[in-house]
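Written out below as structure tokens is the structure these notes cover.
Rule-based calculations on the coordinates, nothing more; no lab input. Being a predicted model, the structure only gives us computed values, none of them experimental. No Cβ is skipped: glycine too gets one built from the backbone with ideal geometry, and neighbour counts run over all protein chains shown.
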Amino acid sequence: MSYIYNLVYEDPEDLGTAAANYMVEVLSDAVGARGTASICLTGGSTPRFAYEAIACHHRDELTWSHVSFWFGDERCVPPDHDDSNFRMADAAMLSKLPVPLSNIHRIQGEQEPASAARSYDAELRTQFSDSSHEPSFDLLLLGVGTDGHVASLFPGASSSSAAEWAVAELKPHTEPKHPRVTLTPAILRRARRVVFLVSGIAKREVTRRVLMDDADLPASSIKGREQTLWLMDADAAPAG
Ligand code: 6PG
């Protein structure tokens, strides 16, 4: 059973602070319960505040060598490219935490998309069992596009087979228009907890539609096995 909670914050910075606090709480609980924790990061711009808050305020609160970091999607560019989701997370957080490099599972955006997807799919399978009954990530972070996309799962795009965990998306609907590698609903839906990070007036309508379970939007289909949390700022929060 997945319980959905919506929490609203004054501005993107407060949203980032709250998200960082929640991320550390969930990861700490997971390490306490199972000895390790896994988090799947999102790209885009909204999570940057949360990543920076973790690096600034929570660096010493967790044994980061017990945490594995994954990515929900990546633009097919080199890891030092301005549009790389890895680069954003690395600059804001990963490079500032004592995390072994072996714990950071980067999607190899510099590779040919289909090849990078196959490699990441295989890497995911080394961490998570093929049984759909087994959870995947302890915590999955997601942003939402104004069209309702999550990761690089776009409305109306050819749906991936249930067997695939990572696929190439060669025709992203939104900027930047680089080909992408994206995780699929098959693995995303197995996350224990999902947190949507949403800010800005441009996201108010799509947030309203997703919270109303609009089945046309990929964001509506991803819920945590244990909990789904919407952390949004006042601009993104639907009226009423
Ligand atoms: C990406 C992200 C994408 C993002 C949304 C929201 O690669 O761009 O994975 O799914 O989360 O587009 O992005 P913002 O947080 O920048 O609005």
Taking Rh as the Kirkwood radius computed over C-alpha pairs, what is the Stokes-Einstein D of segment 31-101 at 20 °C in a medium of viscosity 1.002 mPa s, expressed in µm² per second? 168 µm²/s
Looking at the P(r) of segment 121-240, how many percent of alpha-carbon pairs lie beyond 24 Å? 26 percent
So what are the ³J(HN,Hα) numbers for segment 16-30, from phi and the Karplus equation (6.51, -1.76, 1.60; θ = phi - 60°), rounded to whole Hz, Gly and Pro as x? x, 4, 5, 5, 4, 4, 5, 4, 5, 4, 5, 5, 4, 4, 5
Amide hydrogen neighbours beyond the local backbone of ALA236, cut-off 5 Å, H modeled: GLY200
Exposure proxy ranking, count of Cβ atoms within 10 Å, fewest first, for VAL31, VAL198: VAL31, VAL198
Per-residue counts of other Cβ atoms within 10 Å, averaged by peptide: what ranking do you get for 41-51, 117-127, highest first? 41-51, 117-127
Can you bin every Cα-Cα distance in segment 113-175 into 5 Å intervals starting at zero and give me the percent of pairs per bin, rounded to whole numbers? 3, 15, 21, 25, 21, 12, 3, 0
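Pairs to check: LYS177/LYS223; LYS171/LYS203; LYS177/LYS203. Give those whose C-alpha atoms are more than 25 Å from each other in this structure. Display every interim value, and only then the final one.
Details: LYS177/LYS223 27 Å; LYS171/LYS203 22 Å; LYS177/LYS203 20 Å.
Over 25 Å apart, Cα to Cα: LYS177/LYS223.
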Largest first and in whole Å, give the semi-axes of the chain's equivalent ellipsoid, each being the square root of 5 times a Cα gyration tensor eigenvalue. 23, 22, 18
